[in-house]
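Computed from the coordinates by the stated procedures, all read-outs in this text should not be read as laboratory data. Please read all numbers here as calculations on a predicted model, not as lab measurements. So basically every Cβ, Gly included, is an ideal-geometry build from the backbone, and we count neighbours across all protein chains shown.
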Amino acid sequence: MKKIPVLAAALGLLVVIAPLGASAAEGPKARIFTKYDTNKNGAIDGDEIVAVRKAFAAEPKGEFATYDKNSDGKLDDAEIAAIKPPGSKKGGEKKEGGKNKAEPAATEKK
């Protein structure tokens with residue numbers, strides 16, 4: 001009957017390890033995006049861009065070092081746009097109704 005304590009210990013260990021695994025599976029890119037997309041709109045924009053640039057300037061070899069593709073010591077708009085939301089293939093503004101918000105609306109013919 002010693003199997004029950006072993007099973008209970010294994011389940012207890014699983015409860016402790018499972019949240020750690022979920023966090024590790026998220027990955028560094030997802031953690032960066034989640035940290036800096038403070039308004040949770042799915043894009044790094046506005047004041048968030050300022051925060052990203054400040055963080056990079058403070059620690060150029062830190063979490064944003066891989067995004068400085070042209071190695072100029074600054075993050076330009078394209079490099080910041082490459083910081084994508086988790087599971088996204090494309091950064092930038094969210095789409096609404098199938099259209100990118102940054103695109104001008106189509107004009108109707110009269």
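Which value in nm describes the separation of the simple spin-label points at Ala30 and Val50, placed 7 Å from the Cα toward the beta carbon?
Label at Ala30, label at Val50, 3.0 nm between them.
Residue by residue through region 52-69, which ³J(HN,Hα) values in whole Hz follow from phi under the Karplus form 6.51 cos²θ - 1.76 cosθ + 1.60 (θ = phi - 60°), with glycine and proline marked x?
Working through the residues one at a time gives 5, 5, 5, 5, 5, 4, 6, 9, x, 9, x, 5, 9, 4, 6, 7, 7, 5 Hz.
For Ala43, list long-range residues whose amide hydrogen, built 1.01 Å from N in the peptide plane, is under 5 Å from its own amide hydrogen.
none
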